[in-house]
Amino acid sequence: MYRQRPVAAAAGYAALYVTVTALSLPGAAVMTLAGGAVFGFWVTLLVVSFASSIGATLACLAARFVVGDFVQRRFSRRLAAINRGVEREGGVYLFTLRLVPLFPFFLINLAMGLTRMPLWKFYWVSQAGMLPGTAVYVNAGTQLGRIDSVSGVLSPRVVASFVLLGVFPLAAKWAVRTWRRRTGRPDVLPDASGGEQGHEQDGL
């Protein structure tokens, strides 16, 4: 279908991606890998970058005007850490959360809906922050799409792409902390329990 109607196929994929992310449904990572395998690197990177950001903004909008009370009750502990970070650093903090995937994607969308951050700022910071991680996932999917035999699973390109997939979060975390040290900013990366890590926890 993609070869026969490439624009329609890409548009359908984009619409489905927006729906999944806007409704906070699981499966976005798998869709990104599948997109890379079917559409190739550049088309998928372009589509996913915009579709994920649009879907995230719609989820943020819903949290702000529709499901805000539920989100506060369900995720109050984690929201407290995010709210403190946004109050201190605004867009810089959101960029950090997007680049270093320590909080679930959907939770960041909903949490930001309960802040005063303008939606346009939320959109462009999210798109910029998610772009490197998106590229890593799309590349992995592209390499999967090139496998034409069982032996191809262990080809250097496929293995390297999935090693990069695993290493990227650690590398991003290290890069953010290094930048914060050099610019004199406090280390405010959240930990998995919803708190915040201080300088005494600088090790990865």
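The values are calculated or read from the model by the stated rules, or taken from the named source; none is laboratory data. Predicted model, so just to flag it, every value in this text is computed and none were measured. Note that each Cβ is placed from the backbone with ideal geometry, even for glycine, and that neighbours are counted across all protein chains shown.
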Residue match in the range 129-142 (condition: part of a helix (DSSP H, G or I), modelled with pLDDT under 90 and of a type in the set (A, V, I, L, M)):
no
Just a yes or no: is a residue in the range 6-19 in a loop (DSSP other than H, G, I, E, B), without any contact (Cβ under 8 Å) to a residue 60 or more places away in the chain and over 21 Å from the mean Cα position of the chain (by Cα)?
no
Review point. Just to be sure, is Gly90 of a type outside the set (A, V, I, L, M, F, W, C), at positive phi and without any contact (Cβ under 8 Å) to a residue 40 or more places away in the chain?
Key: yes
* Asked: Any chance the range 90-105 includes a residue that's surrounded by 18 or more Cβ atoms within 10 Å (Cβ to Cβ), closer than 26 Å to Arg157 by Cα, among the β-branched types (Val, Ile, Thr) and in contact with a helix residue (DSSP H, G or I) (Cβ under 8 Å, 6 or more places away or on another chain)?
  -> yes
For the range 31-46, does any single residue satisfy the condition of being surrounded by 18 or more Cβ atoms within 10 Å (Cβ to Cβ), polar (S, T, N, Q), in contact with a helix residue (DSSP H, G or I) (Cβ under 8 Å, 6 or more places away or on another chain) and touching a residue at least 24 places away in the same chain (Cβ under 8 Å)? yes
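Just wondering, is there one or more residues in the range 128-137 that are among the β-branched types (Val, Ile, Thr) and within 22 Å of Leu170 (Cα to Cα)? Steps first, answer last, please.
Just the residues of the range 128-137 that are among the β-branched types (Val, Ile, Thr), to begin with: 134, 136.
Subset that is within 22 Å of Leu170 (Cα to Cα): 134, 136.
Yes: the range 128-137 contains one or more residues that are among the β-branched types (Val, Ile, Thr) and within 22 Å of Leu170 (Cα to Cα).
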Flagged in the range 75-116 as in a loop (DSSP other than H, G, I, E, B) and in contact with a Leu (Cβ under 7 Å, 6 or more places away or on another chain), in numbering order, are Phe75, Val100, Leu102, Phe103, Gly113, Leu114
The residue from Phe122, Phe168 that alone is in a helix (DSSP H, G or I), more than 21 Å from Met31 (Cβ to Cβ), touching a helix residue (DSSP H, G or I) at 6+ places or on another chain (Cβ under 9 Å) and of a type in the set (Phe, Trp, Tyr) is Phe122
When every residue in the range 20-73 that is β-branched (Val, Ile, Thr) and not in a helix (DSSP H, G or I) is compared, the one farthest from Ala111 (Cα to Cα) is Val66
